[in-house]
Amino acid sequence: MKLTPALLPRLIEAIADVIEKNAEEVTALDQAIGDGDHVTNLQRGIQALMAQREELSRLDWAAAWQKIGMTLMSAIGGASGSLYGTLFIALSKAAREQSLDLQSFADVFTKGVEAVKQRGKADAGEKTMLDVYIPVADYLRTAAENSVALPEVLANISQVAIAGMESTRDMVATKGRASFLEERSRGHIDAGAKTGQLMICAIVDVLTKQLTTPA
Ligand code: ADP
Ligand code: MG
């Protein structure tokens, strides 16, 4: 399977769809321990990407990720806009090839996640989106090192993302608005971890279909 930016329109559409379908549930999560605006923020970014999706599909990865990062930063704004923007701009800086394989994507994605950690001064275990993105990056590197077959990698990524999202339930938030609640933040899934998991699972579904029915 060739991972090229030609896939971007389908990926962006799938992400828009899954966030729309789960909007109420995620909003309830963010209302419990945040300010309830996470889905609206994210959807502003996704709508801006929907408008650019054909244009993005004609760029190379470095240019596409750069554009996605800039778009998310300006369309979403605020704390999470700068985190998503940082992720994609770091992907862009790390991207070397036009077509990615598992090894190169694992390296690029790891650099993106490292940049988000620095930007948010956060790490695993702080009840944020990073509790999904860090284990997924770790798994991608392990899978690449062990030459795990792609269908198996895709199935496992979804499981890792779901486990990461679930793990935030019992954590106490130490970053972001939820940290103001201290011990009372325990018992709720983090909204940014939930949307991260939903988006990753949507991407995996598109790639799995692509694998079984190549264009
Ligand atoms: P805001 O916090 O500005 O209202 P959102 O509601 O859009 O932004 O996003 C909140 C999400 O951002 C949280 O659920 C959490 O996953 C994530 N988050 C908050 N602070 C950090 C941080 N320092 N590092 C990584 N992710 C963070
Ligand atoms: Mg919020």
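The values are calculated or read from the model by the stated rules, or taken from the named source; none is laboratory data. Just so you know, these numbers come straight off a predicted model, no measurement behind them. Methodologically, a virtual Cβ is constructed for each residue, glycine included, from the backbone with ideal geometry; neighbour enumeration extends over all protein chains shown.
What to note about this one:
- When the criteria are applied in full, ILE12 meets the requirement of being free of Cβ contacts under 8 Å to residues at least 60 places away in the same chain and either touching a strand residue (DSSP E or B) at 6+ places or on another chain (Cβ under 6 Å) or buried (at least 16 other Cβ atoms within 10 Å of the Cβ) (or both).
- Number of residues in region 1-44 that are on the phi > 0 side of the Ramachandran plot and assigned to a helix (DSSP H, G or I) equals 0.
- Set side by side, the residues VAL153, VAL136 differ, and just one is farther than 28 Å from ASP35 by Cα, at pLDDT 95 or above and aliphatic (A, V, I, L, M), which is VAL153.
- Search result, residues across region 79-127 that are surrounded by fewer than 16 Cβ atoms within 10 Å (Cβ to Cβ), in contact (Cβ under 8 Å) with a residue 60 or more places away in the chain and over 30 Å from VAL172 (Cβ atoms): GLN98, SER99, ASP101
- For region 177-192, the set of residues classified as part of a helix (DSSP H, G or I), touching a Lys or Arg at 6+ places or on another chain (Cβ under 9 Å) and hydrophobic (A, V, I, L, M, F, W, C) consists of ALA178 only.
- When restricted to residues that are more than 10 Å from ligand 1 (Cβ to nearest atom) and under 16 Å from the mean Cα position of the chain (by Cα), region 68-86 contains 7.
- Considering residues of region 33-54 that are within 6 Å of ligand 1 (Cβ to nearest atom) and under 14 Å from TYR84 (Cβ atoms) only, the residue surrounded by the most Cβ atoms within 10 Å (Cβ to Cβ): HIS38
- Filter pass, ALA79 being in a helix (DSSP H, G or I) and at pLDDT below 95: yes
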